[in-house]
1. So if R0 is 45 Å, what FRET efficiency would A:ASP268 and B:LEU93 give, r being the distance between their Cβ atoms, rounded to the nearest 0.05?
2. Where does helix B:7-50 land angle-wise versus the long Cα axis of chain B, in degrees 0 to 90, nearest 10?
3. Which angle from 0 to 90°, rounded to the nearest 10, does the C-alpha axis of helix B:73-99 make with the longest principal axis of chain B?
4. Using a Förster radius of 56 Å, what is the FRET efficiency between A:LYS162 and B:MET80 based on their Cβ-Cβ separation? Nearest 0.05, please.
5. Within region B:58-288, how many Lys pairs that are eight or more residues apart, or on different chains, come under 18 Å at the alpha-carbon?
6. How large is the dipole of region A:2-270 about the Cα centre if only Lys and Arg carry +1 and Asp and Glu carry -1, each at its Cβ, rounded to the nearest 20 debye?
7. Place +1 on the Cβ of every Lys and Arg and -1 on the Cβ of every Asp and Glu in region A:176-275, take the dipole about the Cα centre, and give the residue among A:THR199, A:CYS185, A:SER237 whose Cα lies farthest towards its positive end.
8. Return the single residue from A:GLY175, A:GLY39, A:GLY88 with maximal mean-square fluctuation; model: Gaussian network over chain A, springs between Cα atoms under 10 Å.
Amino acid sequence: MVKLSVKDVYVAKGQNLKVVSKEEKQTVYHSKKLNLWYGEHHALKDIDLEMKENEVTAIIGPSGCGKSTYIKTLNRMVELVPSVCTQGEILYRERNILDNKYQVEELRTKVGMVFQKPNPFPKSIYDNIAYGPRIHGIKNKKVLDEIVEKSLRGAAIWDEVKDRLNQNAYGLSGGQQQRICIARCLAIEPDVILMDEPTSALDPISTLKVEELVQELKENFSIIIVTHNMQQAARISDKTAFFLNGEVIEYEATNHIFSTPTDKRTEDYISGRFG
Amino acid sequence: MVKYVDHVQVVKRMNGRLVVNKMFKIVFLLATLFALAALGVLVYRMFDQGWGYLSADFITNFASRFPEKAGIKAALIGSMWLMVVVAPISLLLGVGTAIYLEEYAKQNRLNDFIRMNISNLAGVPSIVFGLLGLTIFVRSLALGKSVLAAGLTMSLLILPVIIVAAQEAIRAVPKELREASYGMGATKWQTILKVVLPSAVPGILTGSILALSRAVGETAPLVVLGIPVIVHFLPNGILSEFTALPMQIFDWAKRPQEEFQYVAAAGILVLMTFLVILNSIAVFIRNKFQNRY
């Protein structure tokens, strides 16, 4: 209930006029009876999850529980793995993205992704950010300049790199690289941002910066984040889903799942008894 | 408590181990020195025999019955013409095939079979490619003993090497970079063009230039194709007859007069210079565009 009052403060300050109250938030993603196999291996079993806009949804669970697979299914990145087979539906804004008619390129311009290991291109910082807009046909230098600045500001890294936009992104530290990757993702102006363990390769201070950034970004984006780190899920998410062996064990408001988990397995996991 | 490592014994055996250690260093050093010595003798003989015949006239004269008038102009220009045909054909086909096999082809038995056989093709003797070229390009397609016929044959010969080199360069591009590109809604072709190829270019070019220099030096396929050696004109197009450096050298070397042995050595010097230039370009490209992942 603390959550609601925080949201009310945002509304009162006029910072987030789109969202009036928790009840009116629209669903961005809704997976229904989603099953996935890697060859013979049944990696996701009957996943039913509904995710709301302008929220941070965390997915936690031990290694190999299917949480990364699930988030990669949300932008169909999982198809890059040969011999993947899916069944069921994932509705993104009420359209089934697993339908063959859904253009995967179109989906991925609305759903950006930040990966586990910072993966900037071996290009200049500017070209990294401008990559997305350019592949979607924006050539105007002035527009590109504006997008680059806006995205870098959005990822809270503008002040650190504004004087060296033409330098190779590989010269930055790991934490800066990851924020460049977030900026690169913002440059395509997505609706949802998927984050696959975005801080697992970062030091604590860089992790903190990324976490703060996630809090700011959720005002304008819906964020789904996979994390290994339960404290992180507790700190930054509104809702948490606990995955185990390819199944959703529990999906609840974060403060609920961490204070009074319903399932014994959830309780064991968050209290550190396994995983 | 039982001790398995007896330190007194370890110290006793220490000397023996160190001797073996040193011995192998010497063995490997000798192997390297042997190769260096062979190279040294080769270079010495070439300079010793050929240097005297190497002159501006040698570069600008056509072939001749008289050793002192013999020149390498037709062969040198002919080899350059050969490169003009071989380089674009083998690069386009080779890199194209590598992109298909690495980026598009699915993992299945047929494609594995194709991949394996391309590597095997790289080991097929060059004379077999010569016979293939003679049958298909010279005779069936009636291209004659032209630059084009020889160029196509040489392209086929070095194609497997280029494909394998390009495949390795493409495979070395981290998959995270591809994922980043796909993740922003880029199509496969945009990803290949803007992410994969720029990162793979140094590897592709180094491998390809080494393959091209092999095409410059190959003789057997040209012999089989029947490329002439006494040529007193320069090619005026890709359908023109021509001769090439290794053919010319081969012809000089098999002549009975002793002077022609020296002419052949001078020819080898020209060929070696040609190859060293090509290889230097490869090294330059590798250093200049070195990747940092």
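Every number in this text was worked out from the coordinates using simple rules, so none of it is lab data. As the structure is a computational prediction, the values presented were derived from the model and not from experiment. Positions of Cβ are generated from backbone atoms using ideal geometry, with glycine treated the same way; all protein chains shown enter the neighbour counts.
1. Numbers: r = 59 Å, r/R0 = 1.32.
Efficiency, rounded to the nearest 0.05: 0.15.
2. That helix lies at roughly 10 degrees to the long axis.
3. For helix B:73-99, the angle is close to 40 degrees.
4. Numbers: r = 50 Å, r/R0 = 0.90.
Calculated value: 0.65.
5. Numbers: B:LYS69/B:LYS254; B:LYS106/B:LYS175; B:LYS106/B:LYS188; B:LYS175/B:LYS188; B:LYS175/B:LYS194.
Value for region B:58-288: 5.
6. Working: 36 positive and 38 negative charges, 144 e Å.
Using only the charged Cβ atoms, the result is roughly 700 debye.
7. It is A:THR199, whose Cα lies furthest towards the positive end.
8. Taking springs between Cα atoms under 10 Å, the residue moving most is A:GLY39.
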